[in-house]
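Written below as structure tokens is the structure these notes are about.
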Amino acid sequence: GPSSSSIDMDMLKEREIDRGRLQIGQLLGEGAFGHVVKATLEQPEGGNVVVAVKKLKDNAETTARTDLLRETCIMLLCGDHDNVIGLKGICFRDGPLQLVLEYAEHGSLLHLLWTLRAESKLNRTVLVNKRHIFENMMVGVCCGLEHLASQRLVHRDIAARNILICGKGTAKIADFGLARDTYAVGYHRQGRGNELLPLKWMAPEGLKNEAMFTHKSDVWSFGVLLWEVAQLGRTPYPGMDGADRIYDALRNHFRLPRPQLCTEERYQLMLKCWKFNEKRRPDATTVRKQLEADPNGFF
Ligand code: ADE
């Protein structure tokens, strides 16, 4: 998951939610060790709010529980931001560990892109009509990344599957840990501890040495996210597998090709995010300013 930090039980206890306040609903997403369900949370002042509850399956490894606790601590340390999924609290007493999150009505950006691809086959004009929505989402993700960087947090898993879209169309960075398990697409079991890693979104320094992640590695992943948007949710580097193979290709100056549905200027921005040397990559603020200065780069 994101930059590791220790588990602070006192901090967690302050955010405990009595599980009796939750009414569990339909399944939203499922992985090997955990799943996310829709639920309602009874408010102390009366009424209910819709939330998403992330919980471990009964067969979850104990490391998954530790990961979920760590994820919770990271989200608490991160603090509130409009472009980061909010944490309402956590249930840990009298039953399984459950993370109570802000609900994002439109689900993941990846699913939204798949829907857009299907729609665009029937009617090409939807792309131009909806372009501004995706431009705004990418500016929003940059704002979220700026916030994470200001809090000295490295997400390490920026990808369309981990961006959630709420009712107003606001993009929110989600999945500070278990995500790689919840949405299995795009991960490869290649880590030293045989963990699932998002190889095709990882900067070369991360592929080479997993301890090397910085906020500039998140900028690299953001470049891949821009590519995913322009490719309507297609998987990067089709047919290319293995950390060593991807690393060698990047080392030899190979990059994802320019998507047909983006301008040359937008592709140049992606290439800046994919500078081999992280010091030469722009920071999230610079990327955001370039997106804002060129708001018609997609489709
Ligand atoms: N899937 C995973 N997390 C979610 C959330 N917070 N809202 C909606 N769907 C989700």
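The values are calculated or read from the model by the stated rules, or taken from the named source; none is laboratory data. This structure is a prediction, so every number in the text was calculated from the model and none was measured. So basically every Cβ, Gly included, is an ideal-geometry build from the backbone, and we count neighbours across all protein chains shown. Quick note on the areas: whole protein, heavy atoms, side chains included, nothing else; ligands and nucleic acids left out. Shrake-Rupley method; radii C 1.70, N 1.55, O 1.52, S 1.80 Å.
Can you pull out the strands (runs of 3 or more DSSP E) entirely within region 44-113 that have at least 3 residues that are among the aliphatic types (A, V, I, L, M)?
Output list reads 48-56, 98-102.
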Neighbours by Cβ (under 9 Å, 6+ apart or cross-chain): first from region 95-119, farther than 26 Å from residue 226 by Cα; second within 13 Å of the ligand (Cβ to nearest atom) and among the small types (Gly, Ala, Ser): 98/39; 99/52; 100/39; 100/52
query: Restricting region 15-29 to residues that are more than 10 Å from the ligand (Cβ to nearest atom) and closer than 21 Å to residue 70 by Cβ, which is farthest from the chain's Cα centre (by Cα)?
result: 19
task: Filter region 70-129 down to the residues that are under 27 Å from residue 262 (Cβ atoms), more than 17 Å from the chain's Cα centre (by Cα) and hydrophobic (A, V, I, L, M, F, W, C), then identify the one that is farthest from the ligand (Cβ to nearest atom).
output: 128
Enumeration of residues in region 229-249 that are touching a Lys or Arg at 6+ places or on another chain (Cβ under 8 Å), hydrophobic (A, V, I, L, M, F, W, C) and assigned to a helix (DSSP H, G or I): 230, 246
Filter result (touching a helix residue (DSSP H, G or I) at 6+ places or on another chain (Cβ under 6 Å), open to solvent by less than 10 Å² (accessible area, probe 1.4 Å) and under 19 Å from residue 70 (Cα atoms)) within region 129-156: 155
query: How many residues, within region 255-268, are open to solvent by 20 Å² or more (accessible area, probe 1.4 Å), in a helix (DSSP H, G or I) and farther than 20 Å from residue 238 by Cβ?
result: 3
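For (1) over 19 Å from residue 16 (Cβ atoms); (2) among the aliphatic types (A, V, I, L, M), each residue gets a yes or a no:
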residue: 69; (1), (2): no, yes
residue: 87; (1), (2): no, yes
residue: 104; (1), (2): yes, yes
residue: 107; (1), (2): yes, no
residue: 113; (1), (2): yes, yes
- request: Mind counting the residues in region 269-292 that are farther than 21 Å from residue 213 by Cα and open to solvent by 80 Å² or more (accessible area, probe 1.4 Å)?
  value: 2
- prompt: Has region 157-170 got at least one residue that is of a type in the set (D, E, K, R), more than 12 Å from the ligand (Cβ to nearest atom) and within 24 Å of residue 36 (Cβ to Cβ)?
  reply: yes
query: Could you list, in sequence order, the residues of region 38-54 that are within 14 Å of the ligand (Cβ to nearest atom) and open to solvent by 40 Å² or more (accessible area, probe 1.4 Å)?
result: 38, 40, 49, 50
- request: Kindly indicate whether any position in region 24-32 is open to solvent by 40 Å² or more (accessible area, probe 1.4 Å), more than 23 Å from residue 167 (Cβ to Cβ) and aliphatic (A, V, I, L, M).
  value: yes
